[in-house]
Amino acid sequence: MIKVTILEDTCKGCGLCVRACPKGVLEIAKSHLNAKGYYPAVVAHQENCIACKSCALTCPDVAIRIEK
Ligand code: SF4
Ligand code: SF4
């Protein structure tokens, strides 16, 4: 099983991970802000993740963990 975790309060909502993901797993939240006042990335379609780690490698703030 694959689990994608976003450390929401570390995220700055830049959207790079959303663009890096080939499977459309991630999106930017529209309904809540994180502790820094940004709309954070959230896991929208966990089931589509192939654990390629593109998102985690792309994130400038190291806010994404991929576990298998
Ligand atoms: S590991 Fe790959 S497939 Fe999974 S969320 Fe990140 S970029 Fe998308
Ligand atoms: S790349 Fe990192 S900082 Fe940017 S939206 Fe994704 S999780 Fe947040």
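Selection over segment 9-26 of residues that are touching a helix residue (DSSP H, G or I) at 6+ places or on another chain (Cβ under 9 Å) and among the polar types (S, T, N, Q) gives a count of 0.
Each row is one residue, and each column tells you yes or no for (1) within 13 Å of ligand 1 (Cβ to nearest atom); (2) at pLDDT below 95; (3) of a type in the set (Gly, Ala, Ser).
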position	(1), (2), (3)
VAL4	yes, no, no
LYS12	no, no, no
VAL18	yes, no, no
TYR39	no, no, no
ALA44	yes, no, yes
SER54	yes, no, yes
PRO60	no, no, no
GLU67	yes, no, no
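Scan segment 1-18 and give yes if some residue there is among the hydroxyl-bearing types (Ser, Thr, Tyr) and in a strand (DSSP E or B), otherwise no. Yes; the residues of segment 1-18 include at least one that is among the hydroxyl-bearing types (Ser, Thr, Tyr) and in a strand (DSSP E or B). The set of residues in segment 42-62 that are within 15 Å of LYS3 (Cβ to Cβ) and among the hydrophobic types (A, V, I, L, M, F, W, C) comprises VAL42, VAL43, ALA44, CYS49, ILE50, ALA51, CYS52, CYS55, ALA56. Taking every residue in segment 1-27 that is in contact (Cβ under 8 Å) with a residue 12 or more places away in the chain and over 15 Å from ILE66 (Cα atoms) and pairing it with any residue that is more than 13 Å from ligand 1 (Cβ to nearest atom) and small (Gly, Ala, Ser), at least 6 positions away or on another chain, the pairs with Cβ-Cβ distances below 8 Å are ASP9/ALA35.
The values are calculated or read from the model by the stated rules, or taken from the named source; none is laboratory data. Predicted, not measured: the structure shown is a model, and the values here were computed from it. We place every Cβ from the backbone using ideal geometry, glycine too, and count neighbours over all the protein chains shown.
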